[in-house]
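The values are calculated or read from the model by the stated rules, or taken from the named source; none is laboratory data. Only a predicted model underlies this, so the values are computations on that prediction, with no experimental measurement involved. When we count neighbours, we look across all protein chains shown, and the Cβ atoms used for this are built from the backbone with ideal geometry, even at glycine. All accessible areas refer to the heavy atoms of the entire protein, side chains included, with ligands and DNA or RNA removed. Shrake-Rupley method; radii C 1.70, N 1.55, O 1.52, S 1.80 Å.
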Amino acid sequence: MTNSIEVKDLTLNFGSVSVLKNMNLNVAEGEFVVLLGPSGCGKSTLLNCLAGLLEITDGQIFIKGKNVTWAEPNERGIGMVFQSYALYPQMTVRGNLSFGLKNAKVPRDEIEKKVARAAEILQIGPLLDRKPAALSGGQRQRVAIGRALVRDVDVFLFDEPLSNLDAKLRSELRVEIKRLHAQLKNTMVYVTHDQIEALTLADRIAVMRGGIIQQLAAPQEIYNRPANLFVAGFIGSPSMNFLHGATIDGGQAFQLGDLKLALAGYEGGIVGARDKVILGLRPEHLVVQDGAEPGVTIPAMVELDEPMGADSLVWLQAAGTQMSVRVPVERRMAPGTKVHLKVDMSKASLFDAGSEVRI
Amino acid sequence: MAEARRVNRMWRNMNAKIAAIPMVLTTLVVFVGGTFWTVLYSFTDSKLLPRERFIGFDQYERLWSNSRWLTSIENLMIYGVLSLVFTISIGFLLAVAMDQKIRYEDTFRTIMLYPFALSFIVTGLVWQWILNPEFGIQSIVRSLGWETFTFNPLNDPKLVLYGLLIAGLWQGTGFVMCLMLAGLRGIDEDIWKAARVDGIPTWKTYLLIILPMMRPVFITTLVIVAAGIIKLYDLVVAQTSGGPGTASQVPAMYVYDYMFQAQNLGQGFAASTMMLLTVLIVLIPWAYLEFGGKKHG
Amino acid sequence: MVDATAVLTRTDAEPRGTKPKRALSGRNIMIYGTLFVFSLYYLLPLWVMVMTSLKGMPEIRMGNIFAPPVEITFEPWVKAWSQACTGLNCDGLSRGFWNSVRILIPSVILSIVVASVNGYALTFWKFKGSDIFFTILIFGAFIPYQVMLYPIVILLREMGLYGSLWGLVLVHTIFGMPILTLLFRNYFSTIPEELFKAARVDGAGFWSIYAKILMPMSLPIFVVAIILQVTGIWNDFLFGVVYTKPDLYPMTVQLNNIVNSVQGVKEYNVNMAATLLTGLVPLFIYFVSGKLFVRGIAAGAVKG
């Protein structure tokens, strides 16, 4: 498989502030990569660099093997979809779709063909002669996608395209984008801060913080084996529970105060004895039970439960900290109830407390 | 690679740079260059044409010992203070009145604001006519039976400034009213609700809550009106021509006369530099409050 | 003054005071009384101008300037337009009117084109130092014109434009630049940057984004700018006096020369007709433009 996008040692500084640091990223042809991270992590900035809307300080960008580091946005073979749709308000939908083609001096009959095809794929045919102001949010975003579609480009760049939509429309369009990707098979780079979007859409997710890619991997990999404490805490809602302790017995067990948990089954293998480690346990990987099992359970006291429809989230006081556990919704638990949390060590994560890297 | 990059940097946004040429020339050549040039030549003895014979502060000494200039400055100060006090208080008063859910608000606003569309020349000439002693207000009151009534500001050195003030207020208060009204309406609706829930009377709400909240609007208005007052020229030319005698002279007139009539450029430059200084005295504290404060706060 | 622009656009918001309950409460009498008295003050000069301009001189000498004419005559208007004298010229105010028109049209177009391009470049195509130029430009709005009068005389003379119509056009473009640039920059900065990015991805360049995307979106602000410039340039006196020759004097200058000339018998009715004629263009703009005028003056506020 060839690389559709190659980013080599990309650095971007705004004055003395370094926004992107020595970044490398390869996106395979037809791949759907999501850039995910909190606001200010540089994900949109990276996308703007790919599009040529920001001039980079150092490094190189290749698209389809061609060095486009200094090329104008329209010369890069990309289409872009923006959060605010960015439709030209004075033009009809047809005008919006054909503006780029007109600038590229594409013959008129060909423009018409391309617009018709994009309209068909996105089912916006009846809207072609309306102005953007007369469209709903979802329709506008379809037009915005259409504008990228007509350009017949290999790379689609999405900059938080669904953030301005309400929850229902967002999930609808999410499915739509996925369908589109399956149909068109182009390379897509998609920026979002919504982890559900990232987990559902991506072939690979790049989790970013402070201008650095923290982990670049398939969604399940990121979810199950987060590369560091930040990724572990950022992915998953509610957040992963973290217990600060040490490994003892040559790495056979995790100890925190009186609590001792056997590390047998941890997929990272034998970790050795370490003074300061962090044990990460996802709320859905803990099971609430009444009886204690030494080395496998954590004693806990229920503080409060939040029924959430499909299941219920229980907040407990355990191991000197607050933990959350996902339980079936039928299981209501009164505050003050004493229970035990059974740990599935094969799904746990261990991090070095100093470097915050997964062990 | 580095070469290609540098060339690219230059050419990129080339059109934007070309488009900015008029702005760059205006700021650098006219605003900065022109100002420095005038300040520099105010230290020369230029007469009909500018020349580089520097004579230190002589022009300024002459300026400040010229009774006409002293009158101009005094006039500007008196007119300025009165005009500021009256435009702002009348403007605020009218804005509050307009803010009482009155009927015909648009009509009232149209009436109050139309003078602002007219030039100072038109304003000056109309009021010159209304204040004309033979035919205007004075003669009408006299013809009503009050034979000794005297109101002839344009021919009375002591009152001429008030004649100008009546015209100046006529032209400018509507505009200040509009600024104030916009300021009033920019205040969060919830403030009014809170005040009403607390049982504070309307007048007290205006005085104790709204007035302090309008501080930025007042400051902006103050600066705008003050900058306008310092430039005061057309109105005086049209209404009094600076008379009677030199009773209504203002600095802008002094500058014009020395530069273009008396062929004494050096004096004109010195006088205009003093005007610049006056503006800076108004402007710098404001700029400091407006922009300096934000940076540190 | 940046605030003023934003704030003034809100004049059409709802009034805030409490709703008066009865039509004839003491409070109402006070409010409407105040507004009424001030309205008289504002309307009086317009009334006097119109009435005086419709009377013959004998009637003016006899009567009261506030009284309506006994016998309406349009002769003062005709005389003001075509016969009033400035110095030796006795071809009326019409010359000043046409001069003003000839100055106005190129000045308005040029100043708006330059300033809107400035605002556009300052919003979307920032280059190194562009903010510094903008700051100087805004401060330039506060520098008394008197400081720059003579250096501009020299510049125009060097360019061979001193005393010519195009020289004055250039002066209006220069002095209109701060406020108009501010106006356009403030407006353009409300346009989402993504729109501009989308246009670049679509392959539009500097001029094509300006002409095809921004201009059609920004018609209201262009109208505001036109209102601002038409009234401002029409009402200008100082630049007209300094930078043109008598045969090119704009209407305001000629009006002042007609009314304040010391020679001859004062014909007050002709003077008032001339004054009204000069005020007609801005008054027309004012009454036609309504709320847009309010927005314009808010922006023009810096002009003082």
### Task
Take every residue in peptide B:244-252, count the Cβ atoms of other chains within 10 Å of its Cβ, and give the average of those counts.
1
### Task
From zero up to wherever the largest Cα-Cα distance of region A:173-303 sits, split into 5 Å bins and tell me the percent of pairs in each.
2, 8, 16, 17, 16, 13, 10, 7, 5, 4, 1, 0
### Summary
In the neighbourhood of A:Leu199 defined by beta carbon distances under 15 Å, the net charge of the other residues (Lys, Arg +1; Asp, Glu -1) is +1
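Before we go on, tell me the buried accessible area for the C/A pair, both chains summed, 1.4 Å probe, in Å² to the nearest 100.
Numbers: alone 17810 and 16390 Å², together 32520 Å².
Counting both chains, the buried surface is close to 1700 Å².
Just to check, using Stokes-Einstein with a Kirkwood Rh over alpha carbon pairs, what's the diffusion coefficient of region A:1-122 at 37 °C and 0.692 mPa s in µm²/s?
200
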### Query
Expressed in whole Å with the largest first, what are the equivalent ellipsoid semi-axes of chain B derived from the C-alpha gyration tensor as the square root of 5 times each eigenvalue?
39, 35, 18
### Whole-number D in µm² s⁻¹ for chain A, Kirkwood Cα-pair radius fed into Stokes-Einstein, 4 °C, 1.567 mPa s
57
### Task
Kindly flag which residue pairs out of A:Lys8/A:Lys168; A:Lys64/A:Lys102; A:Lys43/C:Lys126; A:Lys43/A:Lys114; A:Lys131/C:Lys197; A:Lys178/A:Lys342 have an alpha-carbon separation exceeding 29 Å in this structure.
A:Lys8/A:Lys168; A:Lys43/A:Lys114; A:Lys178/A:Lys342
### Message
Averaged across orientations, what area in nm² does the convex hull of the alpha carbons in region B:217-267 project?
### Response
4.5
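If packing is taken as the average number of other Cβ atoms within 10 Å across a peptide's residues, how do A:195-204, C:275-284 rank, most packed first?
The most tightly packed comes first, giving C:275-284, A:195-204.
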#### Entry: region B:250-256 - phi-based ³J(HN,Hα) in whole Hz, Karplus 6.51/-1.76/1.60, Gly and Pro as x
10, x, 4, 6, 4, 4, 4
### Task
Quick one: compute the contact order of chain C, relative version, from alpha carbon pairs under 8 angstrom and 6+ residues apart, as a percent.
31
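Counting only helical runs of four or more DSSP H residues, what would the 222 nm mean residue ellipticity of the protein assembly as shown come to if each run contributes -39,500 (n - 2.57) and the total is spread over all its residues?
So the helix-based figure for the protein assembly as shown works out to -15500 deg cm²/dmol.
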### Query
Is there a simple number for the mean count of other chain Cβ atoms within 10 Å of the Cβ of residues in C:182-193, and what is it?
1
#### Entry: Listed peptides B:121-127, A:11-17, A:188-194, C:154-160 by packing density, highest first (mean Cβ within 10 Å)
B:121-127, A:188-194, C:154-160, A:11-17
### Query
How many Cβ atoms of partner chains, on average, are near each residue of A:65-77 if near means within 10 Å of its Cβ?
3
### Share, in percent, of DSSP beta bridges within the protein assembly as shown that are antiparallel, nearest 5
75
### Query
Out of residues 5 or more away from A:Leu286 or on other chains, whose amide H comes under 5 Å of its own, with H placed 1.01 Å from N in the peptide plane?
A:Arg326
### Summary
Kirkwood calc, chain C, C-alpha pairs only, radius in angstrom 22.3
### Task
Over the Cα atoms of the protein assembly as shown, compute the convex hull volume and normalise it per residue, giving Å³.
251
### Task
Using every Cα-Cα pair within region A:40-195, state what percent have a distance larger than 22 Å.
41
## Note on the structure
Out of B:Ile230, B:Ile281, B:Ile166, a Gaussian network model of chain B with alpha-carbon springs under 10 Å gives the largest mean-square fluctuation to B:Ile281
### Task
With just the Cα atoms of region A:169-209, tell me how far they stretch along each of the three principal axes, in Å, largest first.
32, 24, 12
### Summary
With Cα springs under 10 Å, the Gaussian network model of chain C assigns the largest mean-square fluctuation among C:Lys291, C:Lys245, C:Lys212 to C:Lys212
### Summary
For region A:3-234, the dipole about the Cα centre with charges only on Cβ (Lys and Arg +1, Asp and Glu -1), to the nearest 20 debye, works out at 460
### Task
Rounded to whole Hz and in sequence order, give me ³J(HN,Hα) for region C:46-54 from the Karplus expression 6.51 cos²θ - 1.76 cosθ + 1.60, θ = phi - 60°, writing x for Gly and Pro.
5, 4, 4, 4, 5, 4, 4, 6, 9
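Can you list which of the DSSP-assigned H helices in chain B have a Cα extent of 30 Å or more along the long axis and an average Kyte-Doolittle score of at least 1.0?
Details: long enough: B:67-98 (45 Å, 1.48); B:160-185 (37 Å, 1.51); B:265-287 (31 Å, 1.71).
Those that clear 30 Å and a mean of 1.0 are B:67-98, B:160-185, B:265-287.
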### Query
How fast does region C:62-174 diffuse by Stokes-Einstein, in µm²/s, taking the Kirkwood radius from C-alpha pairs at 25 °C and 0.890 mPa s?
134
### Task
Provide the per-residue ³J(HN,Hα) series for region A:233-240, in order, calculated from phi with Karplus coefficients 6.51, -1.76, 1.60 and θ = phi - 60°, each as a whole number of Hz, with x at glycine and proline positions.
x, 7, 8, x, 9, x, 5, 4
#### Entry: Portion, in percent, of the accessible area of region B:158-214 that falls on carbon or sulfur, probe 1.4 Å
64
### Message
Taking amide H atoms as placed 1.01 Å from N in the peptide plane, list the residues 5 or more away in sequence, or in a different chain, whose amide H sits under 5 Å from that of A:Phe158.
### Response
A:Val81, A:Val189, A:Tyr190, A:Val191
### Task
Pop out the carbon and sulfur fraction of the accessible area of region A:3-234 as a percent, whole number, probe 1.4 Å.
49
### Query
Accessible area per residue, 1.4 Å probe, Å², for the protein assembly as shown: what's the number?
42
### Query
Does anyone have the angle between helix A:167-184 and the longest principal axis of chain A? Alpha-carbon axes, 0 to 90°, nearest 10?
70
### Task
Kindly point out, ordered by number, any Cys in the protein assembly as shown whose beta-carbon has no other cysteine beta-carbon under 4.7 Å away.
A:Cys41, A:Cys49, B:Cys178
### Dipole axis of region B:60-296 (+1 Lys, Arg; -1 Asp, Glu on Cβ), positive-most option in B:Thr221, B:Ser272, B:Ala194
B:Ala194
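Largest first and in whole Å, what are the equivalent-ellipsoid semi-axes of region C:210-304 based on the Cα gyration tensor, each being the root of 5 times an eigenvalue?
Over the Cα atoms of region C:210-304, the ellipsoid semi-axes are 33, 16, 11 Å.
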### Summary
The alpha-carbon pair-distance distribution computed for region A:120-197, with 5 angstrom bins and whole-percent values, is 3, 13, 28, 26, 19, 9, 1, 0
#### Entry: Nearest-ten-degree value, helix A:108-122 long axis tilted from longest Cα axis of chain A
30
### Task
May I have the pair-distance distribution P(r) for region A:241-352, computed from all Cα-Cα distances with 10 Å bins from 0 and rounded to whole percent?
15, 48, 28, 9, 0
### Query
What residue among A:Val7, A:Leu304, A:Gly211 has its Cα farthest toward the positive end of the dipole of chain A, where the charges are +1 on Lys, Arg and -1 on Asp, Glu, each on the Cβ?
A:Val7
### Query
Looking only at C:Thr231, C:Thr86, C:Thr190, which one moves most when chain C is put into a Gaussian network model with springs between Cα atoms under 10 Å?
C:Thr190
### Task
Report the equivalent ellipsoid semi-axes for region B:51-165 in whole Å, largest first, defined as the square roots of five times the eigenvalues of the gyration tensor built from alpha carbon atoms.
36, 25, 14
### Query
Roughly what angle does helix C:268-289 make with the longest principal axis of chain C, taking Cα atoms, 0 to 90 degrees, to the nearest 10?
30
